[in-house]
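Okay, structure first, notes after.
Taken together, the values in this text are just the output of simple stated rules run on the coordinates, not laboratory data. These numbers were taken from a predicted model, which means no experiment stands behind them. Please note: Cβ atoms are built from the backbone with ideal geometry, for glycine as well, and neighbour counts cover all protein chains shown.
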Amino acid sequence: MRLRHIEIFEAIRQAGSLTQAAALLNISQPAASKILAHAEAQLGFKLFERVKGRLIPTREAEILTPQIIQLGQDLAHVRRLAANLRQGRQGHLRIGCAPAIGLGLLPMAIRRFHPGSQASFKISTLHSPGLVAGLHAQELDLIVTFDGQDHPGLRRIPVGATELAYLSRTPTPSPVALKTLADRPVIALDTRDQVGTVMDQTLRQAGITLDTQIIVQTHYVACSLVEAGCGDAIVDLLTGHAMLKPGMALCRLDPAIPIPIYVMAHAADPLSLLHHKFIDCLRTACQQLA
């Protein structure tokens with residue numbers, strides 16, 4: 001039996017007549033009759049007998065009914081799955097992100113993504129080299145990163161930007177002028193981190209040298225050190241907002257030091273609707289946190 005045969009069988013079994021079955025399937029009565037005749041010809045036996053104006057399943061049809069009902073349910077499931085895929089609601093995403101992005105931006109994007117979605121996520125938090133390696137190894141589908149460098153076989157998709165900010169336990173007016181940071185003891189980001197590199201280059205171009213007694217790799221560790229009274233820090237604004245506690249001041253810098261945020265994916269792989277929907281949620285989250 002073909003799928004169309006199964007559809008007409010179920011429609012007649014439920015409606016009891018060809019006319020009503022045709023209406024259920026949104027086809028004409030002659031078309032329904034033709035499909036039924038074709039199904040019975042292929043099977044070699046009749047599926048329905050006319051009794052008092054109604055079509056009643058034959059003994060053979062009754063034997064087939066449980067399996068046909070199961071096939072009908074499976075077909076309905078396939079249709080629902082296809083609809084979910086069409087609307088970007090179904091699937092599994094393996095997302096990698098920089099630790100700073102995982103603290104503030106990513107949770108907001110996933111929260112925005114999830115209503116009405118049946119998608120599942122696996123989140124990996126790594127620094128830029130690990131993210132790129134995971135993408136190359138096909139262990140990740142997308143990565144969200146501050147890394148603005150070009151990598152062979154990967155493409156970068158801009159989704160927004162954040163900026164560097166000054167975090168302190170001392171009440172500080174905002175914005176903080178960069179030139180006032182000269183020789184000030186500041187917890188700095190490791191230059192092996194992309195944001196740390198941007199910060200270091202900007203300060204060197206401005207002729208500013210920091211008194212850096214503590215260097216960290218992750219922004220949230222810098223924030224925790226500030227909270228513990230170990231000094232002030234320069235961190236990205238996303239992490240600063242997420243880690244801000246009573247008694248701490250988060251100030252923008254003047255001039256601002258922007259930090260672009262990118263999604264990276266395999267250059268040769270087409271992005272699904274699910275991927276596009278997630279990227280749109282990231283863009284919206286970036287705008288809300290700007």
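List of remarks:
- Each of ARG252, ARG2 was scored by other Cβ atoms within 10 Å of its Cβ. Arranged with the fewest first, they read ARG2, ARG252.
- Compared with the direct C-alpha span, the chain from ALA31 to ASP280 gains 85.2 nm at full extension, assuming 0.36 nm per residue.
- Cα centroid of the range 250-275 to Cα centroid of the range 28-69, whole Å: 59
- Under-5 Å amide H pairs with THR212, H placed in peptide plane, nonlocal only: VAL186
- Estimated from helical segments only, the mean residue ellipticity of the chain at 222 nm is -14000 deg cm²/dmol, where each DSSP H run of four or more residues counts as -39500 (n - 2.57).
- Principal-axis tilt of helix 59-86 within the chain, Cα atoms, nearest 10 degrees: 30
- A value for percent of Cα pairs over 32 Å apart was derived from the coordinates, and within the list (i) 32; (ii) 36; (iii) 49 it appears as (iii).
- Between the Cα long axis of helix 194-205 and the first principal axis of the chain there is an angle of about 30°, rounded to the nearest 10.
- Ranking of PHE278, PHE113 by count of other Cβ atoms within 10 Å, fewest first: PHE113, PHE278
- Least to most buried among LYS179, LYS52, LYS46 (fewest other Cβ within 10 Å first): LYS52, LYS179, LYS46
- Note on ARG112 and ARG252: the model spin-label points, each 7 Å out from Cα along the C-beta direction, lie 2.0 nm apart.
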